[in-house]
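Computed from the coordinates by the stated procedures, all read-outs in this text should not be read as laboratory data. All values derive from a computational prediction rather than experimental measurement. Here the Cβ is made from the backbone with ideal geometry for all residues, glycine too, and neighbour counts use every protein chain on show.
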Amino acid sequence: MVIRAMFTKKNYLRYLSHLDLMRLFQRCFNRSQIPIKYSEGFNPHPKFSIAHPLSLGIESEGEFMEIDLAEEISIEDFIDKMNYSLPKDIQIVKAKYVDGDESVTKLISYAFYEIKLLISKETEIENIENITREWLKNDEILITRYRKKGKNKILVDENIKPLIGNVVVKGFDDHNFLVINALFKVGEKGNLKPMDFIGAMNRDLKLDIDMDLVYIKRLNLFAEENGKLYSPM
Amino acid sequence: MIDKQKLDKILKKVEKPARYIGMEQNSVQKDLEEMYVKFAFSFPDVYEVGMSHLGMHILYNLINNEDDFACERVFAPWVDMEEEMRDIGLPLFTLESKEEVINFDILGFTLQYEMSYTNILNILDLSNIPLLSKDRDENYPIIIAGGPCAYNPEPLADFIDFFVIGEGEEVVLEVLNLYKEHKANYIKDIFLEDVAKIEGIYVPKFYDVSYNDDGTLKSMKANRKGIKEKIKKRIIKNIDTMFSPEKMIVPYIETVHDRVSMELFRGCTHGCRFCQAGMIYRPIREKSVDRLMELADKLVESTGYENISLSSLSSCDYTNLRILISMLMDKYEDRKVGVSLPSLRLDSFSIDVLKEIEKVRKTGLTFAPEAGSQRLRDVINKGVSEEDLINAVSYAFKEGWSRIKLYFMIGLPTETDEDVLGIKDLAYLVRDLFFNRPKEERLGNFSVSASASCFVPKPFTPFQWVGQNSVDEFMRKIYLVKNSIKDNKVKFNYHDATLSYLEAIFARGDRKLSKLLLKAWEKGCKYDGWSEYFKYDLWIEAMEETDTDGEFYALRDRDTQELFPWDFIDIGVSKKYLLREYKKAMAGETTNDCRLGCTGCGIPDCVMRGESVGN
């Protein structure tokens with residue numbers, strides 16, 4: 001029996017690493033006595049996985065995990081028990097039983113972000129919208145990043161244009177942060193990190209972004225079928 | 001509250017930012033505005049180390065259980081974080097409310113090892129609090145300290161307003177309640193005079209010291225009326241009924257001890273002559289099995305930890321250990337909660353217990369013979385023999401263990417080269433015990449490692465009169481062992497002798513050392529306990545610039561008539577007893593475990609004494 005659950009990761013808990021998060025869930029299974037399945041062998045560990053872990057410092061409204069259970073419990077019970085022992089900034093939002101044929105990690109191919117950043121260049125929001133739209137019409141937006149080559153890491157140029165689904169400049173918020181919504185590819189078939197995108201945007205559009213103070217929140221993760229996006233929930 | 005945007009900016013740049021965010025399971029956040037007393041508790045080392053300290057969990061819960069008080073944590077920021085904080089101008093803050101440390105009423109440090117002292121100064125500085133007690137008026141928090149190193153508080157006398165000597169569970173609340181009374185009209189000096197009346201409280205500025213021409217202490221006298229000449233350590237009479245936490249904060253990041261920690265008992269009856277803990281925590285007092293089972297239940301429930309560690313100075317001495325372990329195993333086996341024992345003796349009983357708790361995983365076994373020869377083990381009163389080691393190790397091999405660690409000290413009193421080479425002999429003996437077994441019975445991948453630390457004489461031990469070996473002598477002995485080992489199955493590790501030298505200076509130092517500490521910190525010393533940050537050359541410079549003779553403190557054999565800087569503290573065990581033990585040590589005579597009969601250490605109201613008198 002596999003439960004698929006959607007959960008949040010907010011505020012300061014965005015600084016938990018993937019391993020820390022795994023450990024946190026493991027203790028929550030213990031505390032709330034969720035009948036999770038354990039692997040066989042000398043060092044049994046609970047069977048659960050988190051899809052496409054967030055980079056450190058990114059918040060989320062919708063992360064996905066799958067938990068292999070040894071016996072069935074009701075979904076309400078699962079959510080109640082887990083949320084009781086989870087911290088308030090990491091909570092289960094939804095959960096359902098799935099057949100477990102295809103893992104949620106494999107299903108997901110897009111991530112939807114809200115990005116807030118400070119720009120020091122004085123400019124109208126319309127102008128930012130325009131130059132962003134024009135910039136995104138390019139067939140090629142290159143970034144350089146490290147790639148593993150055998151044992152070594154080498155610098156390679158990569159075109160991120162095919163990894164960008166959609167970008168919408170929303171406007172300025174009350175604290176004068178520019179708010180952007182963006183859909184990027186995630187997973188094995190292509191993966192774009194929001195900070196790489198922001199770096200390229202800052203470089204090409206000369207916005208003078210304060211790169212130390214970019215707030216990123218993952219709003220949702222999506223699967224794709226025949227060109228249409230849908231939630232794995 | 002601190003500027004959170006500054007914090008956001010730097011958290012992304014540092015290693016393990018979760019060290020600085022708080023918000024863990026079972027942490028307590030109160031509205032600080034509503035509190036009578038705001039107490040900041042500091043373990044002056046990095047988060048992962050501090051969070052593994054049981055004492056912090058006890059005091060944190062004890063204080064936060066009171067409606068009028070709040071206790072929040074502050075650790076030493078790691079070097080990268082400190083740099084970012086100084087760059088951006090962010091003062092040090094507590095993990096719970098992200099409140100500046102300077103806005104607390106009291107800042108308390110726990111002194112677990114001498115080499116954390118520079119971190120204390122660094123924490124004060126990062127909090128924008130003046131380092132010297134005399135420079136802090138009513139606008140600053142009161143700075144206090146306790147823990148094992150407070151048994152010789154003098155090297156910190158210039159920095160700390162007052163020390164808490166002994167066990168903290170009762171006295172901390174007495175201090176906080178007194179502060180609450182003073183708060184409306186708080187005048188530092190008047191509060192200090194009042195707090196000095198509480199048993200176990202030592203206010204350094206109320207004492208004048210004078211020195212003899214040779215630099216030794218001549219006198220230490222109270223300089224005000226109503227100030228006690230002797231400070232008695234605080235002892236909890238009944239540890240079974242005393243406050244014990246039912247919750248522990250569960251860190252998000254991996255710490256040194258990621259598990260439930262339960263204290264079986266305080267004190268120790270072995271009387272090893274090098275061991276300070278064995279003397280200062282007397283008398284021995286046990287918790288009952290019922291109480292421990294009740295606590296285990298609550299702690300496992302509230303933390304979700306998968307391991308319960310049974311802690312104490314010598315856990316195999318717990319009277320009902322077998323019963324306790326089988327009850328814990330019965331109760332938690334299904335829930336995959338394991339039990340572990342951190343300290344083991346060299347006997348088959350210990351290994352039997354271990355066999356029971358480590359059913360699946362047989363990791364390495366650690367034994368501490370402490371010295372390489374029987375003669376020297378008698379000198380230090382470590383009651384284990386070569387035969388014990390042979391029995392224990394043979395039994396362990398039979399049961400499937402294959403990796404053995406042996407702990408030793410180098411530089412013990414009366415030590416000869418022959419004794420030192422005994423370290424190699426014991427390691428070789430362990431190797432032979434493994435390979436002399438029939439081939440088909442040799443289980444696992446064998447290794448033995450011998451680790452040697454450099455002996456640091458501590459106050460309130462029978463060796464408080466003894467001079468430490470010089471760094472050169474330590475190194476000569478270390479290489480003597482190292483060069484004698486020519487088998488790659490036998491590993492030899494040793495500690496940094498220069499670090500042990502500094503530790504020895506501060507362990508038995510006087511208040512003149514405050515200047516050295518300040519100078520060393522000014523030169524950039526911090527995190528001295530971490531080899532990558534320990535800067536011996538800076539310490540040497542600081543000694544030269546402050547005219548401090550390190551050898552006077554560390555290497556000198558002390559006269560039995562000498563007045564020590566810590567003699568004003570009454571730990572219950574008498575100086576006469578320590579001296580008697582010292583003399584017996586020099587004569588190679590051993591002293592029995594005091595459960596076999598009172599040895600007359602002087603501790604009042606001791607159950608052991610009661611029994612022996614009854615006999």
Legend entry - Within the protein assembly as shown, percent of DSSP bridges classed antiparallel, to nearest 5: 60
Legend entry - Proximal aspartates and glutamates relative to B:LYS225, as straight alpha-carbon distance under 19 Å, when same-chain residues fewer than 8 apart are discounted: B:ASP161, B:ASP189, B:GLU193, B:ASP194, B:GLU199, B:ASP208
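Return one quarter of the surface area of the convex hull spanned by the alpha-carbon atoms of region B:161-293, equal to its mean projected area, in nm². Mind dumping the intermediate values first?
Values: hull surface 51.6 nm².
If you wrap the Cα atoms of region B:161-293 in a convex hull and average its projections, you get 12.9 nm².
Grab the other residues whose beta carbon is less than 11 angstrom from that of B:SER447, score K and R as +1, D and E as -1, and report the net.
On the way: positive: B:ARG403, B:LYS405, B:ARG431, B:LYS489, B:LYS491; negative: B:ASP487.
Once all neighbours under 11 Å are counted, the net charge is +4.
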Legend entry - Unit charges at the beta carbon, dipole of the protein assembly as shown: most positive-side option, A:ALA51, B:TYR151, B:LEU376: B:LEU376
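Treating only the Cβ of Lys, Arg, Asp and Glu as charged (+1, +1, -1, -1), what charge dipole size does region B:190-329 show about its Cα centre? Round to the nearest 20 debye. Don't jump to the answer; show the numbers that get you there.
Details: 22 positive and 19 negative charges, 173 e Å.
Charge dipole of region B:190-329: 840 debye, to the nearest 20.
Taking 2.2 N^0.38 Å as the expected size of a compact globular protein, what ratio does the Cα radius of gyration of region A:109-228 give against it, to two decimals? Present the calculation step by step, with values, prior to reporting the outcome.
Values: Rg = 15.0 Å, N = 120, 2.2 N^0.38 = 13.6 Å.
Here the answer is 1.10, to two decimals.
Rank these for me by crowding, A:HIS18, A:HIS52, A:HIS175, going from fewest to most other beta carbons within 10 Å. Please list the in-between numbers first.
Working: A:HIS18 13, A:HIS52 18, A:HIS175 9.
Fewest-to-most ranking of A:HIS18, A:HIS52, A:HIS175: A:HIS175, A:HIS18, A:HIS52.
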Inset, instruction - Note down the nm distance, to one decimal, between modelled labels 7 Å out along Cα→Cβ at B:TYR113 and at B:ASN436. - result: 3.6
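Over every pair of different alpha-carbon atoms in the protein assembly as shown, take the mean of 1/r and invert it; report that Kirkwood radius in Å. Before the final figure, lay out each step's value.
Numbers: mean 1/r = 0.0330 Å⁻¹.
Hydrodynamic radius (Kirkwood, Cα only) of the protein assembly as shown equals 30.3 Å.
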Inset, instruction - Please give the FRET efficiency for B:ASN212 paired with B:LEU579, using the beta carbon to beta carbon distance and R0 = 25 Å, rounded to the nearest 0.05. - result: 0.80
Inset, instruction - Mind putting together the pair-distance distribution for region A:75-116? All Cα pairs, 10 Å bins, whole percent per bin, short to long. - result: 21, 34, 39, 5
Inset, instruction - Tabulate in residue order the Karplus-calculated ³J(HN,Hα) for region B:316-323, using 6.51 cos²θ - 1.76 cosθ + 1.60 with θ = phi - 60°, rounded to whole Hz; enter x for Gly and Pro. - result: 5, 7, 4, 3, 9, 4, 4, 5
Legend entry - Sequence-distant aspartates and glutamates (8 or more away, or on other chains) whose Cα lies within less than 13 Å of A:LYS106: A:GLU66, A:GLU188, A:GLU224, A:GLU225
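What is the percent of Cα-Cα separations in region B:4-232 that go past 23 Å?
Numbers: 12463 of 26106 pairs.
Counting every Cα pair in region B:4-232, those more than 23 Å apart make up 48 percent.
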Inset, instruction - Restricting to chain B, compute how many DSSP beta bridges are antiparallel as a %, nearest 5. - result: 20
Legend entry - Residues B:TYR186, B:TYR332, B:TYR207, B:TYR252, sorted so that the one with the fewest Cβ neighbours within 10 Å comes first: B:TYR186, B:TYR332, B:TYR207, B:TYR252
Legend entry - With Cα atoms, 0 to 90° folded angle of helix A:75-85 axis to chain A main axis: 70
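Select from region B:135-176 those GluC sites (Glu not before Pro) which occupy a DSSP coil region and have at most 12 other Cβ atoms within 10 Å, ordered by residue number. Can you show the working numbers first?
Working: sites: B:GLU138, B:GLU167, B:GLU169, B:GLU170, B:GLU174; in loops: B:GLU138, B:GLU167.
Here the sparse-neighbourhood loop sites are B:GLU138.
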Inset, instruction - Would you kindly work out the equivalent ellipsoid of region A:2-101 from its C-alpha gyration tensor and give its semi-axes, the square roots of five times the eigenvalues, largest first in whole Å? - result: 21, 16, 13
Legend entry - Set of lysines near B:LYS180 by C-alpha distance (under 20 Å), chain-local residues within fewer than 8 positions excluded: B:LYS30, B:LYS38, B:LYS188, B:LYS197
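Using helices alone, what [θ] at 222 nm do you get for chain B, with -39,500 (n - 2.57) per DSSP H run of 4 or more residues, divided over all residues and rounded to the nearest 500? If you can, show how the numbers build up before the last one.
Details: 21 runs with 216 residues, N = 615.
One gets -10500 deg cm²/dmol as the mean residue ellipticity at 222 nm.
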Legend entry - Positive-end residue of B:PRO462, A:LEU213, B:LEU518, charge dipole of the protein assembly as shown with Cβ unit charges: B:PRO462
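Between B:ASP352 and B:GLU294, what FRET efficiency comes out of the Förster formula 1/(1 + (r/R0)^6) with R0 = 35 Å and r the beta carbon distance, rounded to 0.05?
Given R0 = 35 Å and the Cβ-Cβ separation, E is 0.85.
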Legend entry - Near-label residues of region A:33-53 by backbone N, under 17 Å of a point 7 Å along Cα→Cβ of B:ASP334: A:33-38
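Using the crude model of +1 on Lys and Arg Cβ and -1 on Asp and Glu Cβ, and no other charge, please compute the dipole size for region B:4-232 relative to its Cα centre, in debye to 20.
Values: 26 positive and 42 negative charges, 44 e Å.
Here the size comes out at about 220 debye.
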Inset, instruction - Report, in debye and to the nearest 20, how large the dipole of region B:14-92 comes out about its Cα centre when Lys and Arg carry +1 and Asp and Glu carry -1 on their Cβ. - result: 160
Legend entry - Tensor-based shape of region B:427-583 (alpha-carbon gyration tensor, a/c under 1.5 rounded, otherwise prolate or oblate): oblate
Inset, instruction - No other cysteine beta carbon under 4.7 Å away is the test; run it over chain B and list who passes. - result: B:CYS71, B:CYS149, B:CYS268, B:CYS316, B:CYS454, B:CYS525, B:CYS594, B:CYS598, B:CYS601, B:CYS606
Legend entry - For chain A, built as a Gaussian network whose Cα springs stay under 10 Å, the top-fluctuating residue of A:ARG218, A:ARG145, A:ARG14: A:ARG145
Legend entry - Between helix B:289-303 and chain B: long-axis angle, C-alpha atoms, 0 to 90°, nearest 10: 60
Inset, instruction - Mind pulling the per residue volume of the convex hull built on the Cα atoms of chain B? Å³ is fine. - result: 164
Inset, instruction - Could you go through region B:218-229 in sequence order and give the Karplus-derived ³J(HN,Hα) for each residue, using 6.51 cos²θ - 1.76 cosθ + 1.60 with θ = phi - 60°, rounded to whole Hz, and x for Gly and Pro? - result: 9, 7, 9, 10, 5, 9, 9, 5, x, 9, 5, 7
Inset, instruction - Relative to the longest principal axis of the C-alpha atoms of chain B, give the angle of the C-alpha long axis of helix B:536-545, reported between 0 and 90° and rounded to the nearest 10°. - result: 50
Inset, instruction - Would you mind computing, in nm to one decimal, how far apart the modelled labels at B:ARG224 and A:ASP204 are, each placed 7 Å from Cα along Cα→Cβ? - result: 7.1
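State the antiparallel share, in %, of DSSP beta bridges confined to region B:4-232, rounding to the nearest 5. Could you put the intermediate results ahead of the total?
Numbers: 8 of 26 bridges.
Bridges in region B:4-232 that DSSP calls antiparallel: roughly 30 percent.
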Inset, instruction - Would you work out which of B:TYR553, B:ALA585, B:PHE534 lies farthest towards the positive end of the dipole of chain B? Charges go on Cβ: Lys and Arg +1, Asp and Glu -1. - result: B:ALA585
